[in-house]
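Input: a single structure, listed below in structure tokens.
The values are calculated or read from the model by the stated rules, or taken from the named source; none is laboratory data. This one's a predicted model, so the numbers in the text were calculated from it and none came from an experiment. Please note: Cβ atoms are built from the backbone with ideal geometry, for glycine as well, and neighbour counts cover all protein chains shown. In case anyone asks, the SASA skips ligands and DNA or RNA and just uses the protein heavy atoms, side chains included. Shrake-Rupley method; radii C 1.70, N 1.55, O 1.52, S 1.80 Å.
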Amino acid sequence: MTHRMGFLTALVFLAIPLNNAAAKEHWVAKVVSVEGTIGEVQLVDDRKVFLPAEVGDTFYPGDTVKVPQWRAAIELREGTIIRLDQGTVITFKEPTKEKPAWLHIVEGIVHFISRVPLLLNVTTPFVNAAVEGTEFVIQVERGNINQTRVWVIEGRVRVQNQHGSLVLIQDQAAVA
């Protein structure tokens, strides 16, 4: 009986790292730089408390990231770099057929840079963007003025809300 228990215990301990490694494969973004002091990027945990994040930390679907001061750069899994300005709050969503968006900007300014055109869906409280371009900026303002601004530096971005949709190209912008 002792040999069996030892064998089963060994199997359990061997399975734990494999499961953790598989879970780590599903990250959607990671911190690549922080301007200012380390710890200015925060991740909300299961208790809805913001915890410090550092360069190299990874984020998963459902994670909310807040940059209270300074700025941070985050690399999305497929290589796109997003730069978050101070006061920015974003949430990474799990993509599904019903909701293909996987990045939600709650508030703040996010600058997207990709050297490869890609399909990226971004939601905000006021307008959604289906990105077919390579460089653009989205700003979400909440408070006295509730609006979202989208500027296309290079490429194409389709913006849409309940009032309609519009395709923006290089050097064009829209406000919703």
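Tallying residues that are more than 10 Å from residue 136 (Cβ to Cβ) and in contact with a strand residue (DSSP E or B) (Cβ under 8 Å, 6 or more places away or on another chain) within region 160-171 yields 7. Inclusion of residue 117 among residues that are over 24 Å from residue 26 (Cβ atoms), modelled with pLDDT under 85 and in a loop (DSSP other than H, G, I, E, B) is warranted. The residue that is most open to solvent (accessible area, probe 1.4 Å), among those in region 64-80 that are of a type in the set (S, T, N, Q) and closer than 18 Å to residue 123 by Cα, is 64. Among residues of region 60-82 that are in contact (Cβ under 8 Å) with a residue 12 or more places away in the chain and on the phi > 0 side of the Ramachandran plot, those with a beta-carbon under 8 Å from a residue that is buried (at least 17 other Cβ atoms within 10 Å of the Cβ) and in a loop (DSSP other than H, G, I, E, B) at least six positions away or on a different chain give the pairs 62/93; 70/40; 79/114.
Checking the structure you have, find out if any residue of region 140-149 is assigned to a strand (DSSP E or B), among the hydrophobic types (A, V, I, L, M, F, W, C) and within 17 Å of the chain's Cα centre (by Cα). Yes, region 140-149 contains at least one residue that is assigned to a strand (DSSP E or B), among the hydrophobic types (A, V, I, L, M, F, W, C) and within 17 Å of the chain's Cα centre (by Cα).
Matching residues to (1) at pLDDT 80 or above; (2) closer than 30 Å to residue 132 by Cβ; (3) surrounded by 14 or more Cβ atoms within 10 Å (Cβ to Cβ); (4) not aromatic (Phe, Trp, Tyr):
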{"position": "14", "(1), (2), (3), (4)": "no, no, no, yes"}
{"position": "28", "(1), (2), (3), (4)": "yes, yes, yes, yes"}
{"position": "31", "(1), (2), (3), (4)": "yes, yes, yes, yes"}
{"position": "34", "(1), (2), (3), (4)": "yes, yes, yes, yes"}
{"position": "49", "(1), (2), (3), (4)": "no, no, no, yes"}
{"position": "57", "(1), (2), (3), (4)": "yes, yes, yes, yes"}
{"position": "84", "(1), (2), (3), (4)": "yes, yes, yes, yes"}
{"position": "98", "(1), (2), (3), (4)": "no, yes, no, yes"}
{"position": "103", "(1), (2), (3), (4)": "yes, yes, yes, yes"}
